[in-house]
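All of the numbers you see were taken from the coordinates with simple rules; none came from a lab. These figures come from a predicted structure and were not determined experimentally. Here Cβ is always computed from backbone atoms with ideal geometry, including for glycine, and neighbour counts include all displayed protein chains.
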Amino acid sequence: MKKLQCIIHAPSKNTLLIKQKVTDALIEKTSNLDISISSPFETNAKDILEADGLLIGTTENLASMAGATKDFFDRTYYDLLGKKEGLPIVIWVRAGHDGTGTVKQLTGIITGLRWKLVQKILVCHGEWSKRFIDECTELGLGLAIGLESNIY
Ligand SMILES: Cc1cc2nc3c(=O)[nH]c(=O)nc-3n(C[C@H](O)[C@H](O)[C@H](O)COP(=O)(O)O)c2cc1C
């Protein structure tokens, strides 16, 4: 069975809601996928080495990806370099004001690791909207269903 690792940083009520709804949808709408949900702080290189697909959900803080998400890459980058080329990945960024710094950083890291962004990075930008929940869910389900049906 393929494994989808979901690394979700959810430091607020709204981002927790996204995390919960995406988790529920992934569990409900898939039947042949091992879905693992973790916070960046508790995710290690081994979790990624064992994964067939990766979802990252992060916030932007201080014009940068959240420190939690950066900590994950700080700890794992060299253990993963050259080991998971082509890993299909989707990313959402919840950015109350901007988002461009995080997109730039993550694009650089993903390019360096030679992972494969299968959808454009989704930026949930500006004032909170319930539509962000649907957009993140659609993004996650797209990857999950692609993995299940061997598109990825
Ligand atoms: C300390 C701090 C710094 C922030 N810096 C940024 C920033 O640089 N760019 C941005 O788009 N949003 C920034 N935000 C807003 C967060 O992205 C937003 O609050 C977070 O994604 C949670 O979303 P929510 O407020 O809808 O729960 C910041 C929030 C905090 C608490």
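What's the whole-number percent of alpha carbon pairs in the chain lying beyond 26 angstrom?
17 percent
Give a residue-ordered list of calculated ³J(HN,Hα) values for the range 70-76 (Karplus: 6.51 cos²θ - 1.76 cosθ + 1.60, θ = phi - 60°; whole Hz; x for Gly, Pro).
My calculation for the range 70-76 gives 5, 4, 4, 5, 4, 7, 10 Hz in order.
About the Cα centre of the range 2-147, what is the dipole size in debye to 20, counting +1 per Lys and Arg Cβ and -1 per Asp and Glu Cβ, all else neutral?
Numbers: 18 positive and 17 negative charges, 33 e Å.
Around 160 debye, computed over the range 2-147.
Based on alpha-carbon positions alone, could you give the equivalent ellipsoid semi-axes of the range 72-148 from the gyration tensor, as √(5λ), descending, whole Å?
Taking √(5λ) for each Cα gyration eigenvalue gives 24, 17, 9 Å.
Long-range amide H contacts for VAL123: which residues qualify at under 5 Å (H placed 1.01 Å from N, peptide plane, sequence gap of 5 or more or a different chain)?
Residues meeting the criterion, in which the H sits 1.01 Å from N, are VAL93.
Between their Cα atoms, which of LYS19/LYS104; LYS3/LYS104; LYS13/LYS120; LYS3/LYS130; LYS3/LYS84; LYS21/LYS120 are more than 19 Å away from each other?
LYS19/LYS104; LYS3/LYS104; LYS13/LYS120; LYS3/LYS130; LYS21/LYS120
Given H placed 1.01 Å from N in the peptide plane, which residues other than close sequence neighbours of GLY96 have an amide H under 5 Å from its amide H?
The list, which skips near neighbours in sequence, is GLU60, GLY126.
What are the residues whose amide H is under 5 Å from the amide H of ALA66, where those residues sit 5 or more places off or on another chain and H is modelled from the backbone?
So ALA66 has HN proximity to THR59, ASN61.
List, in order, the whole-Hz ³J(HN,Hα) value for each residue of the range 53-62 obtained from phi through the Karplus relation with A = 6.51, B = -1.76, C = 1.60 and θ = phi - 60°; use x for Gly and Pro.
x, 9, 10, 10, x, 9, 9, 9, 9, 6
Near LYS83, which aspartates and glutamates are there with a Cα under 13 Å away, not counting those fewer than 8 places off in the same chain?
Result set, ordered by chain and number: ASP47, GLU50, ASP52.
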